Amino acid sequence: REQSRKFQVSISEFHLDLTLLLPQNQHSSRKWTHTRINELRARIHHDSGMYSGDVRDLVFQHHAQNAIPNQALVDQAMDYIAMLPWPKEFEKDEFLRPDFTSLDVVGFASSGIPAGINIPNYDNIRQDQGFKNVSLGNVLSASSPSEQITFLTPADEEIFKAWRGKSFEVQVAIHELLGHGSGKLLRQNEDGSFNFDPTVVNPMTNAAVQTYYKPGETWDSKFGAESSSYEECRAESVGIYLCVVPQILAQFGHTCSEGEVPDVVYCNWLLMCRAGLLALEFYTPESQKWRQAHMQARYCILKVLLEAGEGLVSINKSGSDVTLQLDRSKILTVGKEAIGKFLIKLNVYKATCDVEAGIKMYQDYSSVSEEFLQLRQTVIDKKQPRKNFVQAVTVLGADGKVELKNYDPTPGGLVTSFVDRFSAQGPLKGLVEKLDKSGQFPYVE
């Protein structure tokens, strides 16, 4: 109840001084962090910087069976985090075990549909009090029956279709738990002491750490507009770096030996490379800006893997066709080494609050050359129709029991579901009437 009240204050007075309202929203997030996820409830999310006023709401059903691999990952998290490439001085002193579960979404009311969530979106709260991880099972498995797989060879297309769901499940779990859940922020405390040894050597300079977070400074406040995509890039990179570990794969039912790259791993790296190419759709040449944080992150990873050379990743253009290829035999050598070096930069610049070097590095990888602008045009030309996620509606049957009404995965099904949900006879009848009376959102029959 207190969490909801603090959140309502931060939202209802959003037009006021945001620096005064941010503590209310952070307090709400702290309360939510220590609340167990119920069987069926709504979760409300607000963007951490309070810049856009983005509110996301969802209703879900807890899926205990699907949560078993996630919880196994939590149990061994410290062992896996120790495999990450940065020095231990740049890792949390203690891993705060999160609540990591799997949910099936009944309905979204949001600007986007994530496949996984790591919350709260305040790094200072994650650092000191912990966080929650959520894997959204029926979002992970959702796919369009008419989708065409572009930019891959016929052989890779078959692997992509067969394994992308299982690969994505592994990637999302590692991304949320070991990606967002790892890394330490080096800080000076209010009393002048430090949460790190001031003599620790910065691997980027081979000298003692010179920069750190001062009292009142946070990751978001220092890295600003780049902080969201930068952090997503770090988490995505952790995902492909650790997905090659046989013990992690085994917890999701996949077996392989050391030195082997099974299809589930190959497909995950292939997914990331292809996503980096498709990300060009979300770049605006006129303003030289990215419009989506995750897409910018995946593009940066693609550039890192291309930069690694040795034939690891290649993009071949023939006329109006483009084919992306990944050398499976070089993932564990050239690929993992390149991502490891990239992760050290991402994590150390973030940990040491080296804003200048961190933003410069990230913007360099985010830059789109003339060659990539030409590839962008091919991506636009072959753009697939936007996916429509059709949501079910709950209705109260004549016997007083709740029924779940499903719809065809078509534009018509999408429209019908919205009509049923927001009609005067639908489950949101009370909300519709309230908005109608307010005069702000007139309802039309």
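Structural remarks
- For F196, distant residues with modelled amide H under 5 Å away: R187
- Solvent-accessible area, 1.4 Å probe, carbon plus sulfur percent, for the range 243-372: 47 percent
- Across the alpha-carbon set of the range 258-301, the Rg to Rh ratio works out to 1.17, Rh being the Kirkwood radius.
- Taking T255, T199, T150 and ordering them by how much accessible surface each has at a 1.4 Å probe, largest first, produces T255, T199, T150.
- For the range 177-210, backbone nitrogen atoms closer than 18 Å to the point 7 Å from D75 Cα along Cα-to-C-beta are found at 177-178.
- Per residue, the convex hull volume that the Cα atoms of the range 348-403 enclose (Å³): 164 Å³
- Calculated P(r) of the range 310-406 - Cα pairs past 16 Å, %: 76 percent
- Within the range 256-388, the proportion of Cα pairs with more than 21 Å between them is 46 percent.
- Amide H within-cut-off set for K92, under 5 Å, with H built and near neighbours excluded: G183, K184
- From the C-alpha gyration tensor of the range 200-312, square roots of 5λ in Å: 29, 22, 14
- Net +/- balance of residues flanking V390 in space, Cβ distance below 14 Å, scoring K and R +1, D and E -1: +2
- Calculated over the range 319-360: convex hull of Cα atoms, volume per residue (Å³): 99 Å³
- You can think of it this way: the chain between Q247 and A82 has 58.0 nm of extra reach, that is 0.36 nm per residue less the Cα-Cα gap.
- Spin-label proximity, E260 to the range 308-348 - amide N less than 19 Å from point 7 Å beyond Cα toward beta carbon: 328-333
- V395 paired with E217, simple spin-label distance in nm, labels 7 Å along Cα-to-beta-carbon: 5.8 nm
- Per-residue HN-Hα couplings for the range 337-354 [Karplus 6.51, -1.76, 1.60; θ = phi - 60°; Hz; x = Gly/Pro]: 5, 5, 5, x, 5, 5, 5, 4, 4, 4, 6, 5, 4, 5, 4, 8, 6, 7
- Between L404 and E310, the FRET efficiency from the beta-carbon distance, with R0 = 56 Å, is close to 0.60.
- Filter on K214/K350; K317/K383; K88/K345; K92/K166; K88/K214; K330/K383 - keep pairs with C-alpha separation over 23 Å: K92/K166; K330/K383
- In this structure, V200 and A225 have a Cβ-Cβ separation that, at R0 = 30 Å, corresponds to a calculated FRET efficiency of about 0.55.
- Residues whose amide H falls under 5 Å from that of L103, counting only those 5 or more places apart or on a different chain, are H63, S135, L136, G137, with hydrogens built in the peptide plane.
- Ordering of 162-170, 372-380 by packing [mean C-beta count within 10 Å, highest first]: 162-170, 372-380
The values are calculated or read from the model by the stated rules, or taken from the named source; none is laboratory data. Fair warning: this is a prediction, and the values are worked out from it, not measured in the lab. Virtual Cβ from ideal backbone geometry, glycine too; neighbours counted across all protein chains shown. Heads up: the accessible areas ignore ligands, DNA and RNA and are worked out on the full protein's heavy atoms, side chains in. Shrake-Rupley method; radii C 1.70, N 1.55, O 1.52, S 1.80 Å.
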